[in-house]
Amino acid sequence: MKRSLKHLFPIALPLIGFLLAAPAADTASARNSGGTIMLVAAQTCKQVSSCQEAVELWCNGYRRADADKDGIPCENICHSLEQVEEIRSAIGC
């Protein structure tokens with residue numbers, strides 16, 4: 001006796017729609033200066049190509065960028081606190 005899966009469609013379709021609309025697990029949200037929520041792709045330090053990109057990622061909520069909490073995100077890219085502070089000042093973070 002085969003059962004049809006058609007009875008699952010009313011339940012499955014809204015769930016699938018929700019999952020497709022929900023942000024991926026690797027995104028972070030942050031509020032910009034206007035209070036609007038922005039979604040930022042949560043890259044890893046291995047994926048950023050400049051210190052400015054690393055600082056922007058960190059300022060937008062990706063706290064793992066500065067895992068040791070010394071104020072320097074992605075230490076494989078950013079090499080000094082002065083460099084980070086200059087970028088933060090320039091971008092308003």
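Tabulated results
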item: Selection status of GLY61, of a type outside the set (S, T, N, Q), within 16 Å of the chain's Cα centre (by Cα) and surrounded by fewer than 20 Cβ atoms within 10 Å (Cβ to Cβ); result: yes
item: Condition met for SER29 (exposed (fewer than 14 other Cβ atoms within 10 Å of the Cβ) and either modelled with pLDDT under 90 or at positive phi (or both)); result: yes
item: Among residues of region 59-78, those that are touching a helix residue (DSSP H, G or I) at 6+ places or on another chain (Cβ under 8 Å) and assigned to a loop (DSSP other than H, G, I, E, B), counted; result: 7
item: Residue within region 42-65 that is modelled with pLDDT under 55 and touching a Ser or Thr at 6+ places or on another chain (Cβ under 7 Å) present; result: yes
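The values are calculated or read from the model by the stated rules, or taken from the named source; none is laboratory data. All values derive from a computational prediction rather than experimental measurement. Quick reminder, even Gly has a Cβ in these numbers, built from the backbone with ideal geometry, and neighbours come from all protein chains shown.
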